[in-house]
Each structure stands twice: as structure tokens, then as C-alpha cells.
Amino acid sequence: LNKTIEFETKGQLEFIDITDEVKDFVQESQIKEGIVNVQSLHTSAALIVNENEPLLIEDFKKNLKATAPLDIEYSHDDFNKRTVNVCPDECINGHAHCKAIHLLVSATLNLISGEMQLGQWQRIFFIELDKSKLRKIQILILGE
């Protein structure tokens, strides 16, 4: 079973907790034993499994900003040189792609007795690394 979820993000470094949406789809599927995979369909966004604690999320944001700062030059952003994968409404977002390489495009979790196996504090986050955009994630459940 699969499902695509579309939503509009609010802006850079927004952490969106999608755990409950994924859990709801797992329950709807009635699959008891298997796996659920959640995948971002974007190269300037990511998925992680971590704790939903506000101060920790602020630490994550500081870490990501330090990893790929906004105030340095990215060749990806030089439209005089770049000729590959350029859209008419192309934006300056080399920083977002560089942040994304340190994160994941998907998260796969076990399903046991119809329940997603998450640790006590684990939650599934979609992270917007660019500006406000329409985004898509796909959820795929395999099992019986």
C-alpha cells in the first residue's frame, strides 16, 4: 500500500512532525507485520527520526546553519555558469542541497503487531531546508 502526502512548508529549517500521519496510514492499512518506508521526493529537504524537543530542534537548526551557511558562495547558485537542471523559477538554494547531503531522504521503520516501532522519544520529521514550497512525501507499507 502507498500514499502520497502534499503540503506547503512555511520556510527554511522548518521541522514538521509527520509521525501521527504515518501512524494513521499504518492503522488504515491493517498490515500487522512488515515495514513502513517514508520518503521525501525532494533534494533540498530531508527526513529524520529524532526527538521532538524544542531546545533540541533549535540545536539542530544551529548545526545545519553551520554545516552549510547562507553567506558563502555556492557554484549551484551561479546561473551564469550553471546549465543543468535550471528551471524558469530557479532560486538560490545551494545551501539547502549542501545541508541535505548530511541528512536522509527516507526513513524505514518496522511494523510489529500493527504498530510502528519507535523508541520512547522518537518522532518522524520532514525538514524544509529551502524556502516555503509545495512538498511531497510518499509512504509505502510492505507486509502482511
Q.
With the requirement that a residue be touching a residue at least 24 places away in the same chain (Cβ under 8 Å) and open to solvent by 50 Å² or more (accessible area, probe 1.4 Å), what does the range 39-60 give you?
A. 39, 41, 43, 50, 51, 52, 53
Q. Which one of 83, 43 is among the β-branched types (Val, Ile, Thr), out of contact with any Cys (no Cβ under 6 Å at 6 or more places or on another chain) and at pLDDT below 95?
A. 83
(Q) Can you pull out every residue in the range 61-74 that is open to solvent by less than 80 Å² (accessible area, probe 1.4 Å) and either basic (Lys, Arg) or under 30 Å from residue 119 (Cα atoms) (or both)? (A) 61, 64, 66, 67, 68
**Q.** Residue that is most open to solvent (accessible area, probe 1.4 Å), among those in the range 90-144 that are touching a helix residue (DSSP H, G or I) at 6+ places or on another chain (Cβ under 6 Å) and part of a strand (DSSP E or B)
**A.** 123
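Mind listing just one residue for me: the one in the range 10-38 that is of a type outside the set (Asp, Glu) and part of a strand (DSSP E or B) and, of those, most open to solvent (accessible area, probe 1.4 Å)?
Ranking the qualifying residues of the range 10-38, first place goes to 35.
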Q) Is there a residue being part of a helix (DSSP H, G or I), under 13 Å from the mean Cα position of the chain (by Cα) and surrounded by 14 or more Cβ atoms within 10 Å (Cβ to Cβ) anywhere in the range 75-89? A) no
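The values are calculated or read from the model by the stated rules, or taken from the named source; none is laboratory data. Computed from a predicted structure; not experimentally measured. All Cβ positions, glycine included, derive from the backbone under ideal geometry; neighbour counts span all protein chains shown. The area values use the complete protein model at the heavy-atom level, side chains included, leaving out ligands, DNA and RNA. Shrake-Rupley method; radii C 1.70, N 1.55, O 1.52, S 1.80 Å.
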